[in-house]
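A short worksheet on the structure shown next.
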């Protein structure tokens with residue numbers, strides 16, 4: 001999502017907000033885009049934002065795959081059980097998920113194992129199924 005570049009000082013965290021900011025890394029480039037990560041309960045359907053990041057122009061697929069993995073690990077550390085990731089159909093988004101799947105496939109090959117499914121990646125030995133938003137939208141229309 002595009003945002004207006006601006007700098008503000010957060011007294012509580014003693015940080016200047018408005019630069020490119022990822023979970024474990026801040027860069028001195030003005031942010032003009034924001035990305036929000038949220039979870040959705042499969043039982044109730046409630047959505048809850050869990051984190052955000054600021055970037056300069058669009059998020060790269062490498063940065064996005066790193067963030068997805070880090071947020072899933074954070075959720076797992078809080079005893080959540082992420083099962084599915086739904087990805088919008090943008091090029092970097094699909095490339096990021098494909099990177100995670102490719103990394104998982106490489107781990108399986110190194111250990112001479114067969115992957116359980118094609119569209120799955122692992123974080124901390126837990127399988128995460130990847131779906132694309134346009135497939136979910138199409139399924140909703142059919143129902």
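No lab work stands behind these numbers, since they all come straight from the coordinates. Everything numeric here is computed off the predicted structure, so don't read it as measured data. Methodologically, a virtual Cβ is constructed for each residue, glycine included, from the backbone with ideal geometry; neighbour enumeration extends over all protein chains shown.
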Most packed first (mean Cβ within 10 Å per residue), the peptides 63-72, 83-92, 106-115 order as 63-72, 83-92, 106-115
Compute the angle between helix 61-77 and the longest alpha-carbon principal axis of the chain, please, reported from 0 to 90 degrees and rounded to the nearest 10. 80
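Run the helix sum for the chain: -39,500 (n - 2.57) per DSSP H stretch of 4+ residues, divided by residue count, reported at 222 nm to the nearest 500 deg cm²/dmol. Intermediate values should be presented prior to the final figure.
On the way: 3 runs with 47 residues, N = 143.
Per the formula, -11000 deg cm²/dmol.
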Compare 119, 14, 98 in a GNM of the chain, Cα atoms joined below 10 Å, and give the one with the largest fluctuation. 14
For the pair residue 74 and residue 129, the simple spin-label estimate (label points 7 Å beyond Cα toward Cβ) gives in nm 2.6
As I understand it, the value is the acute angle between the Cα axis of helix 91-110 and the longest principal axis of the Cα atoms of the chain; what does it come to in degrees, rounded to 10? 50
Can you give the FRET efficiency to the nearest 0.05 for residue 6 and residue 39, using r as the Cβ-Cβ distance and R₀ = 30 Å? 0.60
Against the longest alpha carbon principal axis of the chain, how many degrees, from 0 to 90 and to the nearest 10, is the axis of helix 133-142 turned? 60
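Quote to one decimal, in nm, the extra length available between residue 89 and residue 52 on full extension: 0.36 nm per residue of separation minus the C-alpha distance between them. Present the calculation step by step, with values, prior to reporting the outcome.
Working: separation 37, 0.36 × 37 = 13.32 nm, distance 1.92 nm.
That pair, residue 89 and residue 52, stretches by 11.4 nm at full extension.
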A correct fewest-to-most ranking of 30, 54 by other Cβ atoms within 10 Å would be 30, 54
